Amino acid sequence: MTTDKPAPATLPDAGYFDQWYADIADSTSRDEIIARMLQLPAYLRSTSLLTWQGVADVEEALRVPHGGLLLDVGCGRAGYGIEIAHRTGARLVGVDFSATALRQAADVAAQRLPAGRAEFRVGTLLDTGLPGGTADAVMCVDAVQFGEPPLAALREFRRLLKPGGRVALTCWEAADPDDPLVPPRIRAVHLLRDLGEAGFVDVDVRQRPDWRQAERDLWEAVVAEPGPDAAMRSLQEEGRRSLETFASLRRVFATATAP
C-alpha cells in the first residue's frame, strides 16, 4: 500500500490492488526508474517511495535484535522489510490485504532470506490477525494513511509490540490540515498527536525534506518517460497529481516506543 496508486474518492478493495500488483509484475520500466531515482538496488522490489538512505534510517530507528520479530504492516511486496530483516538477522512477518502482493513478496524473500525466516499473511492495518505483545519492532512504510482512521492502525501496532518494542512509520501529513487539495486520508494523519493517544512513549516525528526532494525528482522523471505499460501509466498519473499539489504535503518520519 503506497501513495503511487490512483486516488479515487474511496479506497479500492483488495481485488483492485491485486490487479495493480499484477500490472507491476509485468513492468520492467516501472521498477527500473524507481530504483534509479530512489537509489535502490535492483533486487529491492519497492511499492513505496522510501530512499536507500531512508531504509538505513528505518533500520537504525527500529533497533530490532538479531533473531527478533519484525512486522512489516501494509507491506506490499515487502522490499523494505525484507532488506531490513536481511541486514539485522530478524524474523519477518509481512501483512497486506493483497494476496498478489504477498506472493510477490514471498518470491523475493526466498532469494534474500534463509528458509523459514519470512512469513506473509493477508490482513489489514486495523486487523493484522497476529497475536499481541509478540513483536520486537513494527514498521509501516508509506501506508498508515490507509488506516480508517490512522489512529486505529497505530493502536493495532501498539497491541502487537512487546514492552520496549519500537515502531517506525514513514508517511505524509498536510502542510495545512484545512487544505482541500490534500486527500482526506492524508489530512487525517497527525502522528505526533496520535502516537501518544495510541499509548506510545518517546514519540519523535520529524520532517524529511531530503526524502521529499527525492520524490519530486522521481515524479519529474516519471512524467517525462514514455508509458509503455499499465504500471508505468499508473505511475505517471500519480506523478502528475503529486506535482500539482506538491507544496501541500510534508514528508514525515515517526518513531516511538511501546512502554
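What helices (runs of 4 or more DSSP H), lying completely within segment 151-259, carry at least 3 residues that are basic (Lys, Arg)?
Here the list reads 230-244.
Considering only residues that are closer than 26 Å to residue 150 by Cβ, part of a helix (DSSP H, G or I), among the small types (Gly, Ala, Ser) and open to solvent by less than 20 Å² (accessible area, probe 1.4 Å), which ones fall in segment 97-125?
101, 105
Answer yes or no as to whether residue 130 is closer than 30 Å to residue 207 by Cβ and either modelled with pLDDT of 95 or more or part of a strand (DSSP E or B) (or both).
In short, no.
Hey, residue 251 hits all of (1) basic (Lys, Arg); (2) in contact with a Lys or Arg (Cβ under 9 Å, 6 or more places away or on another chain); (3) surrounded by fewer than 19 Cβ atoms within 10 Å (Cβ to Cβ) but one; which does it fall short on?
So residue 251 meets the others, but not (3).
In segment 51-76, what residues are closer than 10 Å to residue 139 by Cβ, of a type outside the set (Gly, Ala, Ser) and assigned to a loop (DSSP other than H, G, I, E, B)?
Residues satisfying the conditions are 64, 75.
Find all pairs meeting these conditions: Cβ atoms under 8 angstrom apart; at least six residues apart or on different chains; first residue within segment 27-44 and assigned to a loop (DSSP other than H, G, I, E, B); second residue buried (at least 18 other Cβ atoms within 10 Å of the Cβ) and hydroxyl-bearing (Ser, Thr, Tyr).
Once the first residue is assigned to a loop (DSSP other than H, G, I, E, B) and sits in segment 27-44, its partners that are buried (at least 18 other Cβ atoms within 10 Å of the Cβ) and hydroxyl-bearing (Ser, Thr, Tyr) give 39/51; 40/46; 40/51; 44/80.
For residue 128, state whether it is open to solvent by less than 50 Å² (accessible area, probe 1.4 Å) and under 24 Å from residue 253 (Cα atoms).
The answer is yes for residue 128.
Check off (1) small (Gly, Ala, Ser); (2) open to solvent by 70 Å² or more (accessible area, probe 1.4 Å); (3) on the phi > 0 side of the Ramachandran plot for residue 199 and give me the number that stays unchecked.
(2)
May I ask you to verify whether residue 94 is in contact with a Cys (Cβ under 6 Å, 6 or more places away or on another chain), outside any strand (DSSP E or B) and of a type in the set (Gly, Ala, Ser)?
Against the criterion (in contact with a Cys (Cβ under 6 Å, 6 or more places away or on another chain), outside any strand (DSSP E or B) and of a type in the set (Gly, Ala, Ser)), residue 94 does not qualify.
Rundown of residues vs (1) among the basic types (Lys, Arg); (2) under 26 Å from residue 157 (Cα atoms); (3) under 17 Å from the mean Cα position of the chain (by Cα), yes/no style:
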site	(1), (2), (3)
15	no, yes, no
21	no, yes, yes
28	no, no, no
50	no, yes, yes
70	no, yes, yes
108	no, yes, yes
112	yes, yes, no
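Checking residue 245 against (1) over 24 Å from residue 167 (Cα atoms); (2) among the β-branched types (Val, Ile, Thr); (3) in contact with a strand residue (DSSP E or B) (Cβ under 9 Å, 6 or more places away or on another chain): exactly one of these is not met. Which one?
Going through (1) over 24 Å from residue 167 (Cα atoms); (2) among the β-branched types (Val, Ile, Thr); (3) in contact with a strand residue (DSSP E or B) (Cβ under 9 Å, 6 or more places away or on another chain) one by one, residue 245 breaks only (3).
The values are calculated or read from the model by the stated rules, or taken from the named source; none is laboratory data. All values reported here derive from a predicted model rather than from experimental measurement. Here the Cβ is made from the backbone with ideal geometry for all residues, glycine too, and neighbour counts use every protein chain on show. SASA here: full protein model, heavy atoms, side chains in, ligands and nucleic acids out. Shrake-Rupley method; radii C 1.70, N 1.55, O 1.52, S 1.80 Å.
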